[in-house]
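Have a look at the structure below, then the notes.
What follows draws every value from the coordinates through simple rules; no lab data is involved. If you're wondering where the values come from, they're calculated on a predicted model, not measured in any experiment. A quick note on method: Cβ atoms are made from the backbone with ideal geometry, for glycine too, and the neighbour counts reach across all protein chains shown.
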Amino acid sequence: MRLNLSMSMTNPVPCGAARLDATGGFDIASGRTMTPDTFTTQPLRSQDQFEAWREWHQPVLDFLPTQSTRYGFHAEVHLWKLGGLAMGWASVPPVSVARTRSNLKRDPIDPWVISYCVRGTHFTNMAGTAVEVPAKVPFLASLGQGFLHERTHIDRVSFLMARDAFRDIAALLDAA
Amino acid sequence: MLDTPLGHLLGDYMMALERHLPDVTEADLPRLARAVGAMVAAAPSAERVAFAATQINVGRKERVRRVIRRHLRTPTFRPSILCRLVGMSRSNLYRLFEDAGGVARYIQRERLLEAHAVLTDPASTQSLSSIADDFCFADASSLSRAFKT
């Protein structure tokens, strides 16, 4: 199972799967409730948790191992796909995450990401500019650009906004 | 960073939306996307919004310029036709070309520049009246007068 960020306005909610899987979608069993993609490393052996987390995010993002990640990495993410918009909630231990040239090449998606950490700080380096983003301040980035984030333990909500779905505010988001 | 009052409101909105997502239905999704777009668009600072507006106008103006250049030799081409071709109102077009004295004046200036280029081209054998006709001037005298104004 992997992170799949394909988002489409023409087929806003992938149907046909009442279970949680990488395509996410609408719970057709009830027809009324949204069901997120969920991934947690909690049931895995401590030494396998980080690799599983890393694998789930490939090839979109690259999580960089540290001394501590080998001793356990209890992380969890829920991702609701809402057409050209997706919403995520995640709880992740301290870690560095990058969108490298290789990631950009292998999965050249470019939605905007707006992150809002309820808890935790991240230090980000994008296009040669370093910024410290404290908790409770929204941060806008594009997956179309490379970056390196170094994070403390974070609990965060995020929006992923497909360019095609938000064309009318594209210049504003690029300028922000 | 969206460290503005409306940026903080956006953060609160994201938290509230995450809590209420289980109640959202498929029918709500288009309106939800519009609401999120509006909240996000409100969050950047006024300076960034102004900068983005400039960028948007640069893009629009370039698109309109291309259409104008394609139609410099079309006798029926005038601002009202241009409005239809680019899907903009006359007042918006005027504002976009305000620094050139309005869109009609801009079209006239482009026609003059093209006519001048042909006139000064050593390889060109066209007469003044033929050039005037090509660039939609009533006659050679009108073209000459336009150069002087």
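Modelled this way, with points 7 Å down the Cα-to-C-beta line, the labels at B:K61 and A:L44 are 5.3 nm from one another. Rounded if a/c is under 1.5, else prolate if a/b beats b/c, else oblate: with a ≥ b ≥ c from the C-alpha gyration tensor eigenvalues square-rooted, which is the protein assembly as shown? Taking the square roots of the gyration eigenvalues as a ≥ b ≥ c, the protein assembly as shown is prolate. Here the stretch A:81-97 is scanned for amide nitrogen atoms under 15 Å from the site 7 Å beyond the Cα of B:D23 along Cα-to-Cβ, giving none.
If you take the Cα centroid of the stretch B:9-62 and the Cα centroid of the stretch A:87-156, the two points sit 19 Å apart. Does the stretch B:18-127 come out rounded, prolate or oblate by the C-alpha gyration tensor, with a ≥ b ≥ c the root eigenvalues, rounded set by a/c under 1.5 and, if not, prolate when a/b is larger than b/c and oblate if not? The shape class here is prolate. For the stretch A:56-147, the square roots of the Cα gyration tensor eigenvalues, ordered a ≥ b ≥ c, give a/c below 1.5, which places it in the rounded category. The calculated FRET efficiency for B:E98 paired with A:Y71, based on their beta-carbon distance and R0 = 51 Å, is about 0.20. If you take the beta carbon distance between B:R73 and B:A53 as r and set R0 to 51 Å, what does 1/(1 + (r/R0)^6) give as a FRET efficiency, to the nearest 0.05? After rounding, the FRET efficiency stands at 0.95.
Pair-distance distribution of the stretch A:28-92: all C-alpha pairs, bin width 5 Å, starting at 0; shares per bin in whole percent are 4, 16, 22, 23, 14, 10, 7, 3, 1, 0.
Straight-line cross-link partners of A:K136 among the aspartates and glutamates, defined as a Cα under 18 Å from its Cα and at least 8 positions apart when in the same chain: A:E150, A:D155, B:D3, B:D12, B:E18. Modelled spin-label separation between B:R145 and B:D12, with each label point placed 7 Å from Cα along the Cα-to-Cβ direction: 6.5 nm.
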